[in-house]
Amino acid sequence: MSKEYATTATPVTTSTSGTHRPGFGGKVSRIVGRVFGRQDIDTLHAAIAHIEYKKTLTALDLTLLGIGAIIGAGIFVLTGVAAAKHAGPALVISFLIAGFVCGLASLCYAEMGSMVPASGSAYTFTYVALGEGLAWICGWDLMLEYMVGAATVAVGWSHYLQNFITQVAGEGAYNHRFTMAPFKWYEVGDKDRGIPSESAHFGLNTFRCGGTDEAPEFCNPYIDLPAIAIVIMVTALLVFGIRSSARVNSVLVALKVTVVLMFIFAGLKFINKANYVPFIPPEEGPKKYGVSGVFAGAVTVFFAYIGFDAVSTTAQEAKNPQRDLPIGIIGSLTICTALYVAVAAVLSGLLPLKRIAEADVMSAPVSQALLIAAQGQGVNLKWLTIIITIAAIAGLSSVILVMLMGQPRIFAAMAKDGLLPAVFAKMHPKYGTPYVTTLTTGFITMLFAGLLPVDILGNLTSVGTLLAFFFVSASTLVLKITQPLRPRPFQIPGGKIGGFAVPILSMASVIFLLSQTTPAAISRVFIWMALGTLIYLFYGYRHSKNRFDPARTLHHVDM
């Protein structure tokens, strides 16, 4: 550790020379030292200089990557659900609350990204601040955000493609057995073959495929092939190079932002001010309208903001990461928050709340609300509905691209630290991409997307992302305390008070949102984390580079 920077870390060294064998206390001390051994930032900077990523991304590229990751399923789907079930016209406030929470985390990501411009993102940030053990947990958790998140969006992409085919070719244009997940999580009351479920359970998915209302016929789907297909296409694109991927993403971002602006400006003509009254509807039940509904709406639309942190995973491919990462992270989040608030305001003014709550509008709120409101005034905008559907398909494609871009780079960073097999760190000799981890990520994501329903995938993604935000915020706070003099090209605004208040508020906000999550989602994440802990104990701990090169850490022991 350089003497230039203040740090409270004191190297701990034990000797195993001669015939001395450490007692139980010594073994515990050695294990604790390894698990909580923090990676030295100066050593990390030196290692980064020798990694063969191609530096091609500018601040504009990074901002567009962030927008590409953020705008997608949230704005095209969740706006209707949150307005109808929770917030009503106050959905605008829900988006501002969710944006505020993500904004706090984005400041932490920006400061950490400028200090540690490595592609491991939250994993590497946690390693340098909290130690190897928590870094592994964070890296394992990030799979929920990136891989499971990409699978979630791939399923949404499949639904929009089916909707487009139906609009163009009509019902019966495709076989539903190959466009749905074979499994489903049934809540109490959900119908399984037309019969309400008496308990929550995991079972085979069904859909009505014939018969009459009195004697309906049900079938079981086999797999969601469109979701698998988009994952395969995006994975292939990423193997061939991030620069070409960034160009494709820029085109997709331009398309979907244009269509969002078309909705906003076209919708302004059909707004009925009476639909905004009451702005916060009277509470009708737990988290349904009222003030509690506004906060519940914020939890629902939180998924709409997932993705801005993916910018930090491309740090080693940025031309000037210390300057451009904060621009990309904060810039993309600010632009998307403004668009979300505008869409929520227009949507709430187009139709009465009860009409938004009907199934046809909730499933595709942006296109359907505008179409219905225009028809009410004698204007046919079906052509615009089709354009919006196409834009949704393009928009979701760019989200999948950025998410599948992030996870392989985290895997590669973990492999370089020895926590995963070395093959995961291999770079393509021609394209300069981590192709082994890209293919691995694509394969696992493909399985998730083809087999699991969107509700399970979405809940896992939200909880996993919140945990990642907590790790990064905690890491920012710890480094403020342990290494206050280390240069920070970007610093959280507000001086010392802001530097401490922002990560603390960020962690508190994450805890609050986690408290609003369903117990089922929390239990699934705990199972996932338990599996990850076992892998670390039986592989990562034994193969960690810190075991063979302890000088890489601040707290270390000689082996």
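Within 10 Å, count the other beta carbons around each residue, average over each peptide in 516-526, 291-301, and list them highest first.
With the highest mean Cβ count within 10 Å placed first, the list reads 291-301, 516-526.
Modelling each spin label as a point 7 Å along the Cα-to-Cβ direction, I'd like the residue 543/residue 176 distance in nm, to one decimal.
Placing both labels 7 Å along Cα→Cβ, they lie 4.5 nm apart.
Taking 0.36 nm per intervening residue step and subtracting the Cα-Cα distance, what contour gain separates residue 380 from residue 531 on full extension?
49.0 nm
Could you list, in their original order, any pairs among 273/354; 184/287; 288/354; 85/354; 269/382 whose Cα atoms are separated by more than 18 Å?
184/287
Taking neighbour counts of Cβ atoms within 10 Å as a proxy for exposure, in what order, fewest first, do 213, 61 appear?
Ascending Cβ contact count within 10 Å gives the list 213, 61.
How large is the dipole of the range 351-500 about the Cα centre if only Lys and Arg carry +1 and Asp and Glu carry -1, each at its Cβ, rounded to the nearest 20 debye?
Roughly 620 debye, rounded to the nearest 20.
Using 0.36 nm per residue of separation minus the Cα-Cα distance, give me the extension gain between residue 497 and residue 204 in nm, one decimal.
100.2 nm
Testing the spin-label approximation: label points 7 Å from Cα along Cα→Cβ at residue 276 and residue 319. State their distance in nm.
4.3 nm
Per-residue counts of other Cβ atoms within 10 Å, averaged by peptide: what ranking do you get for 528-540, 331-343, highest first?
331-343, 528-540
Which order do peptides 165-178, 423-436 fall in by mean Cβ count within 10 Å, highest first?
Final packing ranking: 423-436, 165-178.
Starting from the coordinates of the alpha-carbon atoms of the range 374-497, obtain the Kirkwood hydrodynamic radius over all distinct pairs and give the value in Å to one decimal.
Computed over Cα pairs of the range 374-497, the Kirkwood hydrodynamic radius comes out at 18.9 Å.
When the Cα centres of the range 82-151 and the range 257-289 are compared, how far apart do they sit, in Å?
28 Å
Residue by residue through the range 130-135, which ³J(HN,Hα) values in whole Hz follow from phi under the Karplus form 6.51 cos²θ - 1.76 cosθ + 1.60 (θ = phi - 60°), with glycine and proline marked x?
After applying 6.51 cos²θ - 1.76 cosθ + 1.60, I find 10, x, 4, x, 5, 5 Hz.
Values quoted throughout were computed directly from the atomic coordinates according to the rules given, and no laboratory measurement underlies them. Note that the structure is predicted; figures quoted are calculated from it, not measured. All Cβ positions, even for glycine, are placed from backbone atoms using ideal geometry, and neighbour counts span all protein chains on display.
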